[in-house]
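Everything below concerns the one structure shown next.
The values are calculated or read from the model by the stated rules, or taken from the named source; none is laboratory data. Everything numeric here is computed off the predicted structure, so don't read it as measured data. No Cβ is skipped: glycine too gets one built from the backbone with ideal geometry, and neighbour counts run over all protein chains shown. Note: areas computed on protein heavy atoms with side chains; ligands, DNA, RNA excluded. Shrake-Rupley method; radii C 1.70, N 1.55, O 1.52, S 1.80 Å.
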Amino acid sequence: MAGTNFLGDSTDFMVVHTDLNGFFTYANRSYLDYIGSSKPPLGQSALEYVSAEDRPRILEAAKNAISLPGRAFWVEVRKPLQRVWNRSRWVFLAICDSNGTPTGLQCLGFDISDVYRQNQFREASISLLSIGLRENLQPSELLQRALDVALGVVPVAQAGSATLRGPDGCFHFVAAHGYDLSALQQVCLNPTEPLSLTAHIQARVFGQADISQFNARLDPKRRSVLLGAGRAAEIQAMLATPVVVDGIPRAYLYLDNFHSADAFDALDLRHVEGLAHHLAWLLHGTEMREELRFSRYYDAQTGLPNARSLQETLVSRPPAPRALVGLQCRSLERIRRLEGEASWAKAVRGVAKVIEADLRSEDQLAWEGGAFWLLLEGISSSAEVYAVLERLRNGAKAQLETLWPQLDFSPRVGVAFSQPGLATTEMLKAAEVALRHSRDPGTVSFFDRDLAHKSFKEDALRQALGQTLRQLPPGNAQHGPGSLLDLKQVPDFSQNHISNENSSSAGLFLHYQPIFHLVTGHLHHFEALVRWMHPKLGSVPPDQFLQIAEEEGWMQRLGNWILGTAVEQAAKWGVPVAVNLSGSQIEPDLLLQLDGLLESSELRSNYLIFEVTEKVALDDACLQTLRALAERGHPLHLDDFGSGMSSLERITKLPLSAIKLGQGFIASLGITPRKDTPEARLLRALKGLGNGLGFDIIVEGIETQAQLDFLLEEGFTLGQGYFLGRPACSADAEKLINGREILGL
């Protein structure tokens, strides 16, 4: 076997022969390449090419091979120069003469560096995934862990950093090793900058020339930081690896070497890219968890905490005096209808910002169902609540009226205090009940047990109305969200409803009350009045269900149906019909809807009269649409004059054709009016006011012959009341038109 080279130079195996003293007698080309030598180191000790740490194991393997000829002994060693993770595995066999006496050693070796590095990469990957899944880290914390792992996988890297794409679209430093992170955090890298290191989507190695060229294009401030704290001028090789999520780089890992331009090899790139893939998966999972948490605890449109967030806060806190306050500002919904979702969401956030500025750290704000909900700790009296509301109102007025002039921050308010017998989990429901019973802007309702009992009945009515409105023909209707009940969430109602010719839909129908010329007895026009007959609840008073429809944002849908039905009836009869308009209906879309209705029915515009209350008429947001209606030829009547706080100066600016005196004026005269009473003189003065302004005066509430005689004697020409004609279904109203029933006139 002596002198035999049974593998020769044709294999990747490394072959070395030594004498018994360990000096080289032969080495093949593979070994020479491994140690970086061009000629065999004959006569030199083989231990010179072994690291000091590995020499004891090499000597032990050689000693065993010589003492036990015919047996092979394995040993794994590292190369003393170049890469840290260079590994090779060797088998030692004794070379014997013909007598079997050892004369030297034959050493067969193969390079396992890549295998070793791949094993280390797998362990590091598993470690990173385990950390990310187990500890649920924030993205910046996850990147710091990933950077630490990457530095372990690529030990030739002497420093490193990581950047994360922020909400501004730029990459910000969030992790560093060997650098001052606080200094690097002053720098953001824009992906659109020329030669930006963040422009690539695969791992790349950049040299000093690339880095210098990039830094030269930065502004002086960022360049100074990167040259100083970032040591950019010292870096000879930078391994930059993107972390791509859904096709978009979301982060970058940077590994730096200060000594050699070719410090990183292909395996380094593959391994760091592998870590980046794992990191991308973890970031995606983190983002999904964050999105899930956001959808669970925040409102998607406004970004504000929702009721669930508030509820969990309530449950997590120990019992203590506190108040839960609900505020609903209807003018926000008007912004939504007129200016769209984006403006509405911005206005909601603007109000929320004003509210949050007044809250203490222990308080909490939420947004749910079109209302703000305030958890106020340590509040236990109505006086304290009123003080908070006054501050909020003043703050909103001062800060928001220039941005949204149409925003009237006079919310209706519902309040629930923590109290014995009211579970923490029930506080939100209690505050909602109180809010529903706060009918008008600026009013405050406080929850109690009587209110809860009343609310139970109203909830049944509210649900029944929602079911009924679902069955209305949609037409051009658009309805906004309710508080915590929306039409689209209401199941279909049974079809067992009352039908009244063509004027009934889902139990809703119109009655028509006549308005007469008092002198001639001729019919002037009808007023359309909506009625609702529910199969279980019976006849529901209009003031009840109209109030609910307004509160829940359903008035547009109901109002559109009323308009369509009234126009159809007016066209059929050839008689003008008056329709009451709510504030939520008076917006630019109303004009387009009317164009379609009048065109399809061939009804002249002056045959469709609109009645508006003083509150609606005095709303600046409605004025432009009211004027447009008047310009199109629709008569406008001011309904229930005297029941509100009318401004005579404002009335002169409205395009009115008539004023309807509220029933209180005629009722104050009594059954048999007298001319010399203050009430009679006031009525006489109002007639003079109407004549002077050029308005017709319509007197409501005429119930006796004596009242009618008084009005005729005073010169009033138009009137309405039960004595003249009660609201009637379309068939009975049609008899009046045909002259078969004059009702005593």
Select, from Ser130, Ser37, the only residue that is over 30 Å from Phe171 (Cα atoms) and of a type in the set (Gly, Ala, Ser). Ser37
Condition check: at positive phi and either open to solvent by 10 Å² or more (accessible area, probe 1.4 Å) or not in a loop (DSSP other than H, G, I, E, B) (or both). Does Arg231 satisfy that? yes
Pairs needed: first member in region 59-78, in a helix (DSSP H, G or I); second member anywhere, of a type in the set (Val, Ile, Thr); C-beta distance under 7 Å; at least 6 residues apart or different chains. Ala61/Val75
Test each condition in (1) out of contact with any helix residue (DSSP H, G or I) (no Cβ under 7 Å at 6 or more places or on another chain); (2) open to solvent by less than 80 Å² (accessible area, probe 1.4 Å); (3) at pLDDT below 90 for Glu48 and report the one that comes out false. (2)
Given the options Glu341, Glu362, Glu333, name the one that is at pLDDT 90 or above and acidic (Asp, Glu). Glu362
Contacts under 6 angstrom Cβ, first residue in region 587-601 being under 12 Å from Asn560 (Cα atoms), partner open to solvent by 40 Å² or more (accessible area, probe 1.4 Å) and not hydrophobic (A, V, I, L, M, F, W, C), 6 or more apart: Gln593/Asn476
Phe92 versus (1) open to solvent by less than 20 Å² (accessible area, probe 1.4 Å); (2) modelled with pLDDT under 85; (3) aromatic (Phe, Trp, Tyr): which is the lone unmet condition? (2)
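Out of curiosity, is Leu327 surrounded by 19 or more Cβ atoms within 10 Å (Cβ to Cβ) and either touching a residue at least 60 places away in the same chain (Cβ under 8 Å) or part of a strand (DSSP E or B) (or both)? Break it down stepwise before answering.
Working: surrounded by 19 or more Cβ atoms within 10 Å (Cβ to Cβ): yes; either touching a residue at least 60 places away in the same chain (Cβ under 8 Å) or part of a strand (DSSP E or B) (or both): yes.
Considered against the rule, which asks whether it is surrounded by 19 or more Cβ atoms within 10 Å (Cβ to Cβ) and either touching a residue at least 60 places away in the same chain (Cβ under 8 Å) or part of a strand (DSSP E or B) (or both), Leu327 comes out as yes.
Yes/no per residue for (1) β-branched (Val, Ile, Thr); (2) at pLDDT below 90; (3) open to solvent by less than 40 Å² (accessible area, probe 1.4 Å):
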residue: Glu568; (1), (2), (3): no, no, no
residue: Trp573; (1), (2), (3): no, no, yes
residue: Ser584; (1), (2), (3): no, yes, yes
residue: Glu587; (1), (2), (3): no, yes, yes
residue: Leu603; (1), (2), (3): no, no, yes
Positions within region 54-68 being of a type in the set (A, V, I, L, M, F, W, C) and exposed (fewer than 15 other Cβ atoms within 10 Å of the Cβ), in sequence order: Leu59, Leu68
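Here is a yes/no grid of residues against (1) within 24 Å of Pro576 (Cα to Cα); (2) open to solvent by 10 Å² or more (accessible area, probe 1.4 Å); (3) of a type outside the set (Gly, Ala, Ser); (4) out of contact with any Pro (no Cβ under 6 Å at 6 or more places or on another chain):
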site	(1), (2), (3), (4)
Ile515	yes, no, yes, yes
Gly521	yes, yes, no, yes
Arg531	yes, yes, yes, yes
Lys536	no, yes, yes, yes
Pro542	yes, yes, yes, yes
It is to be established whether one or more residues within region 290-298 are among the aliphatic types (A, V, I, L, M) and modelled with pLDDT of 90 or more. no
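Can you give me the number of residues within region 696-716 that are open to solvent by 20 Å² or more (accessible area, probe 1.4 Å) and either assigned to a loop (DSSP other than H, G, I, E, B) or touching a strand residue (DSSP E or B) at 6+ places or on another chain (Cβ under 6 Å) (or both)? Even if it seems obvious, please write down each step before you answer.
Here is the first cut: in region 696-716, the residues open to solvent by 20 Å² or more (accessible area, probe 1.4 Å) are 696, 703-706, 709, 712-715.
If we keep only those that are either assigned to a loop (DSSP other than H, G, I, E, B) or touching a strand residue (DSSP E or B) at 6+ places or on another chain (Cβ under 6 Å) (or both) as well, we get 696, 703-704, 715.
Number satisfying all stated conditions: 4.
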On the given criteria, is Ser316 of a type in the set (S, T, N, Q) and surrounded by 13 or more Cβ atoms within 10 Å (Cβ to Cβ)? no
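Evaluate the following for Arg322: is it in contact with a Gly (Cβ under 9 Å, 6 or more places away or on another chain), open to solvent by less than 50 Å² (accessible area, probe 1.4 Å) and farther than 25 Å from Trp404 by Cβ? I'd like the intermediate steps shown before the answer.
Values: in contact with a Gly (Cβ under 9 Å, 6 or more places away or on another chain): yes; open to solvent by less than 50 Å² (accessible area, probe 1.4 Å): yes; farther than 25 Å from Trp404 by Cβ: yes.
Yes; evaluated as a whole, the condition is true for this residue.
Inspect all residues belonging to region 150-167 and state whether any of them is free of Cβ contacts under 8 Å to residues at least 40 places away in the same chain and either over 28 Å from Phe121 (Cα atoms) or buried (at least 21 other Cβ atoms within 10 Å of the Cβ) (or both). Spell out the reasoning first.
In the first step, residues of region 150-167 are kept if they are free of Cβ contacts under 8 Å to residues at least 40 places away in the same chain; the result is 152, 166-167.
Filter again for either over 28 Å from Phe121 (Cα atoms) or buried (at least 21 other Cβ atoms within 10 Å of the Cβ) (or both), leaving 166-167.
Checking region 150-167: at least one residue is free of Cβ contacts under 8 Å to residues at least 40 places away in the same chain and either over 28 Å from Phe121 (Cα atoms) or buried (at least 21 other Cβ atoms within 10 Å of the Cβ) (or both).
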Could you give me the residue pairs with C-beta distances under 9 Å whose first residue belongs to region 241-270 and is assigned to a loop (DSSP other than H, G, I, E, B), whose second residue is modelled with pLDDT under 85 and open to solvent by 50 Å² or more (accessible area, probe 1.4 Å) wherever it lies, and which are 6+ apart or on separate chains? Asp246/His284; Gly247/Ile201; Asp265/Arg83
Test set (1) open to solvent by 50 Å² or more (accessible area, probe 1.4 Å); (2) at pLDDT 80 or above; (3) among the aliphatic types (A, V, I, L, M) - Leu484 fails condition number: (2)
Got a sec? Which of His259, His271, His278 is more than 23 Å from Gly166 (Cβ to Cβ) and buried (at least 18 other Cβ atoms within 10 Å of the Cβ)? His271
Assuming Gln419 fulfils every condition listed in (1) of a type outside the set (Val, Ile, Thr); (2) touching a helix residue (DSSP H, G or I) at 6+ places or on another chain (Cβ under 6 Å); (3) modelled with pLDDT under 90 apart from one, which condition is it? (2)
